[in-house]
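Since every read-out is calculated from the coordinates, none of them should be taken as a lab result. As the structure is a prediction and not an experimental result, all values here were calculated from the model. Cβ placement follows ideal geometry from the backbone for every residue including glycine, while neighbour counts extend to all protein chains displayed.
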Amino acid sequence: MLINPYVFDATDPYFSSVSLLLHGDGTNGSTTIIDSSPSPKTVTAVGNAQISTAQSKFGGSSILFNPGQTNPLSVPASSSLQLRADRDFTVEAWVYLNSNRTFNYFVSKGNLATREWGFAAGPTNLIFYWSTNGSGSGDQIVSMAATLPLYAWMHIAAVKQGSAIKLFKDGVQAGSDGTFTSIFNGNGTFWVGRFMDYTNISHDLDGYIDDLRITDGIARYTSNFTPPTAQFPNQ
């Protein structure tokens, strides 16, 4: 079993490759969401997305996404959030689900006219989605069957190494590797808690996110691992 090195050290050897780091720290009800990555980006709370002290994995607060409301976070287009077929990556977060919806989208990038990629939970699985041509005809999906608990924190991760993509829940991979050889790069908006600019709120996240981290160019986990036991470091 691969042991997570970050639980023993307050520094991250790959911190320079972190393109987004949202701890969800702050006062209850605040709509100020801070990106603690080396190149901080502007994060906008759309509608009712906000800091909540009702639930947290680390730090005493997290980001709340209420269903039935307009409530995603948006981040302007950035090359470091534009996943590439020729680079490894790791997308990970602690998530807390309030319902097993058809889709609970944690993050996505693009819009319905020029789709890029997204990471979501279904009722009984994790799903990583990407488009090879920017339209529905180029959709590719890797799905991992998993028991997704309600009202409990779980660590989820999507990791690309070479052309293989793996999905992990609480440090354990289930199912076979997917094959990731091409992706459409449309320079679109990055979304947290929503599937792109889709106005059907049934795809919005119902729950909380704590410690969302995207690492560009690094496959942090390539086999089963021990999930982090402390907040991701800021250095």
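Remarks
- Computed from the Cβ-Cβ distance with R0 of 25 Å, the FRET efficiency linking T179 to S16 stands at 0.30.
- Within a straight-line Cα-Cα reach of under 25 Å, K166 can be paired with the following lysines, leaving aside sequence neighbours fewer than 8 residues apart in one chain: K57, K109.
- Each Lys and Arg Cβ is given +1 and each Asp and Glu Cβ -1; about its Cα centre, the chain then shows a dipole of about 220 debye.
- In sequence order, calculated HN-Hα J values of segment 10-25 (Karplus, 6.51, -1.76, 1.60; Hz; x Gly/Pro): 7, 10, 10, x, 10, 4, 5, 9, 6, 9, 7, 9, 10, 7, x, 7
- Structural descriptor for the chain: relative contact order 30 percent, calculated from alpha carbon pairs under 8 angstrom and at least 6 residues apart.
- Read-out semi-axes √(5λ) of the Cα gyration tensor in Å, derived from the coordinates shown; its label in (i) 42, 21, 15; (ii) 29, 23, 16; (iii) 22, 21, 18: (iii)
- Rounded to whole Hz, the Karplus (6.51, -1.76, 1.60) HN-Hα couplings of segment 208-221, x for glycine and proline: 10, 10, 10, 6, 7, 9, 10, 10, 8, x, 10, 8, 5, 10
- GNM result for the chain, Cα springs below 10 Å: residue of G178, G110, G136 fluctuating most strongly: G136
- Modelled label reach - S135, point 7 Å along Cα→Cβ, segment 153-191 residues with backbone N closer than 18 Å: 183-187
- Label-point gap, in nm, between D86 and N187 - each point 7 angstrom along Cα→Cβ: 1.8 nm
- Approximating the spin labels as points 7 Å out from Cα along Cα→Cβ, the T226-to-A164 distance works out to 2.3 nm.
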